[in-house]
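K.L.:
Have a look at this one before I ask anything.
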Amino acid sequence: MQSLVERDYFTDYEILKDPYAFFNALRDNGPIFQPPGKDYFIVTGFEETLQVLRDHDTFSAIIALQGAGAPLPFTPEGSDINGQLDAHRHQFMGWDSVVNMDDDRHTKLRALINTLFVPSRLKASEEFIDKYCEEMVGKAVAEGKVELISAIATPFVTMVVADLLGVPMEDRTVFMNAIADAPPPGSLDGAEGAGHPFAVMGKYFFGYVADRKANPQDDILTELTHATYMDGTKPEVHDIVQLGMFMFGAGQDTSAKLLGNAMKYLVEQPELQDRLRADPKLISAFLEEVLRIEGSTKQTARLARKDTEVGGVKIPAGSKVLVALSAANRDPRRWENPNELEIGRKKIVEHVGFGRGKHVCAGAPLARAEVRIIFEKFLASTSKIELDMEKHPGGIADLVYEPSFIIRGLATMNLKLTPA
C-alpha cells in the first residue's frame, strides 16, 4: 500500500481536499523534505517557511502561480541560476503578474500597491461593505436559508473589490459569472484559454485604463493609471491591467473562501456562535484563528536561485520549493494544540495565512474588514445558524472542499438561518 508521503500532492484529489494528514506525514521527516521521486522540496516548518519567504535574494517567486509541481522551461545549471532565470522569465506562467515578480520590478509595483490600501480608503470601503452586507444578510435571513458560497460569499467579496477598483456596475455581473463558472486557482479542473476569468476581464481592464486616462475618477484604477514610481518613471499599461485583474481575482478568491471556512466552525460549534454574539469584539480574534488553522491559501512556491540550506537540508540552485503555509500554521514547534481552534492565542497575528516577506498579501486589511463585517451582520441578525440537513443529511461530513493545490475552500454550504 502506498504511504502518504509517496502520494502526489498536485494530482491526488483526497489530499487536495484535505491536506493536513499529508503534511503531518511529511513533517515526521523533518521541517523540509523532498518526497520520494519528486523534483521539489516541501516546507512544513514555521521557522523554515519564514526563512524561505523572507530570503528574496536566494528564492525567486517566479513559480508562485504555476506551483512547484510544474516543470521549469529550462534545465538549471551551476550553483547560481539568476542568469538562466532572467533569460527564461517570459516562459513562466503568469510571469507578468505581481505575485510572480522579483527584484526591482516587484519592488516598484508593490510600493505602488501599498499606497492604495491607506486607512482613509479602507474606511470609505467599510461604509460600502456595511451597507451591502446589510442588504445581502437581511435578504438571506428573511428567506430563512441560503447557499453561502455562491449566493453570499463570492458575490459579496466580488462586489467589494469591484467597488474599490472602480469596475462599472454593469460589468460586475459579467465578472462574477466568469469567476463563478471557473474552478478556483490551482484546481485540477482548471479553466484555460478563452474561458479563463482573466481572459474574459482583460479587454475590459484595458478599456478602463484608457478611460481613466481621459476621465479620472475617485477609484483605484484611476490612481494606478496616473501613478508614478518613486524614480519618476510610469508603470507600463500592461502592468496596470495585469495588476487590476490580479487584485480583482485574488481579492475575491481568498476572502470568499475564508468566509466559508470560518462559517464551518460556527455551524459545527453552536456554543461558539453564542460566545461571539455575546461579545462581537471576539470576531476579529476568531477570524485570525481561522486564518491560522484553515486559511484560504494552502501553499505558495519558490525557486532557489542559488545553492542554499534550509532547516539543515541542502537546496541546490534550480530546486523548486513548495511552501506549505497551512502546514506552517499547524507546526507544533510554534503552536500549542495546533489542530484545535482556540480564540485568543498569543501572537496569533504571526500566522502566515497571508504569507510573509515582500509578497505578503497587500489586501489583508481589506479581507479582514470585509469578512469581519459580514460575520457581525450574520450573528446580529440571527439567533441560530445551522447546516440545512435536507441538503447535507450527513452534516459536516457532507461538506466538500474544492480540489485546488492553492486554495482551501468549500464548494457549497447550505445554511438554515433563524432570525434574532
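The values are calculated or read from the model by the stated rules, or taken from the named source; none is laboratory data. Quick caveat, the model's predicted, so the values are computed rather than measured. Cβ sites come from the backbone with ideal geometry, for glycine too, and all protein chains shown count toward neighbours.
K.L.:
Quick one: Glu14 ticks every box in (1) surrounded by fewer than 15 Cβ atoms within 10 Å (Cβ to Cβ); (2) at pLDDT 95 or above; (3) not in a loop (DSSP other than H, G, I, E, B) except a single one, so which number is it?
P.N.:
Of everything listed in (1) surrounded by fewer than 15 Cβ atoms within 10 Å (Cβ to Cβ); (2) at pLDDT 95 or above; (3) not in a loop (DSSP other than H, G, I, E, B), Glu14 misses just condition (2).
K.L.:
Glu309: in a strand (DSSP E or B), acidic (Asp, Glu) and without any contact (Cβ under 8 Å) to a residue 60 or more places away in the chain, yes or no? Show your work before the answer.
P.N.:
Numbers: in a strand (DSSP E or B): yes; acidic (Asp, Glu): yes; without any contact (Cβ under 8 Å) to a residue 60 or more places away in the chain: yes.
So Glu309 fits the description; yes.
K.L.:
Would you pick out the residues in region 233-287 that are within 21 Å of Pro197 (Cβ to Cβ) and free of Cβ contacts under 8 Å to residues at least 60 places away in the same chain? Break it down stepwise before answering.
P.N.:
Filtering region 233-287 down to residues within 21 Å of Pro197 (Cβ to Cβ) leaves 237-260.
Selection gives Val237, Ile240, Val241, Met245.
K.L.:
Which one is nearest to Asp279 (Cα to Cα) among residues in region 339-390 that are aliphatic (A, V, I, L, M) and outside any helix (DSSP H, G or I)?
P.N.:
Among those that are aliphatic (A, V, I, L, M) and outside any helix (DSSP H, G or I), it is Ile343.
K.L.:
For region 162-203, enumerate the residues that are modelled with pLDDT of 65 or more and in contact with a strand residue (DSSP E or B) (Cβ under 9 Å, 6 or more places away or on another chain).
P.N.:
The answer is Pro183, Pro184, Pro185, Gly186, Ser187.
K.L.:
In the set Ala61, Ala68, Ala21, Ala25, which member is in contact with a His (Cβ under 7 Å, 6 or more places away or on another chain), modelled with pLDDT of 95 or more and under 23 Å from Ser404 (Cβ atoms)?
P.N.:
Answer to the check: Ala61.
K.L.:
Could you tell me which residue of region 122-154 is surrounded by the most Cβ atoms within 10 Å (Cβ to Cβ), considering only residues that are closer than 24 Å to Leu224 by Cβ and free of Cβ contacts under 8 Å to residues at least 60 places away in the same chain?
P.N.:
The extreme case among them is Tyr132.
K.L.:
Got a sec? Which of Glu336, Glu386 is touching a residue at least 12 places away in the same chain (Cβ under 8 Å), more than 30 Å from Arg105 (Cα to Cα) and of a type in the set (D, E, K, R)?
P.N.:
Glu386
K.L.:
Okay, next question. Would you confirm whether or not region 87-97 contains a residue that is basic (Lys, Arg), in contact with a Phe, Trp or Tyr (Cβ under 9 Å, 6 or more places away or on another chain) and within 16 Å of Val313 (Cα to Cα)?
P.N.:
The answer is no; no qualifying residue exists.
Each row is one residue, and each column tells you yes or no for (1) of a type in the set (A, V, I, L, M, F, W, C); (2) in a helix (DSSP H, G or I); (3) at pLDDT 90 or above; (4) within 21 Å of the chain's Cα centre (by Cα).
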{"residue": "Pro216", "(1), (2), (3), (4)": "no, no, yes, no"}
{"residue": "Ala227", "(1), (2), (3), (4)": "yes, no, no, no"}
{"residue": "Gly232", "(1), (2), (3), (4)": "no, no, no, no"}
{"residue": "His238", "(1), (2), (3), (4)": "no, yes, no, no"}
{"residue": "Gln242", "(1), (2), (3), (4)": "no, yes, no, yes"}
{"residue": "Gly249", "(1), (2), (3), (4)": "no, yes, no, yes"}
{"residue": "Thr254", "(1), (2), (3), (4)": "no, yes, no, yes"}
{"residue": "Lys257", "(1), (2), (3), (4)": "no, yes, yes, yes"}
{"residue": "Val267", "(1), (2), (3), (4)": "yes, yes, yes, no"}
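K.L.:
Of the conditions (1) surrounded by fewer than 22 Cβ atoms within 10 Å (Cβ to Cβ); (2) in contact with a Pro (Cβ under 9 Å, 6 or more places away or on another chain); (3) in a helix (DSSP H, G or I), Ala327 clears all except one; give me its number.
P.N.:
Ala327 satisfies every listed condition except (1).
K.L.:
Filter region 132-150 for residues that are under 21 Å from the mean Cα position of the chain (by Cα) and closer than 15 Å to Phe375 by Cα and give the result.
P.N.:
Those that are under 21 Å from the mean Cα position of the chain (by Cα) and closer than 15 Å to Phe375 by Cα: Leu148, Ile149.
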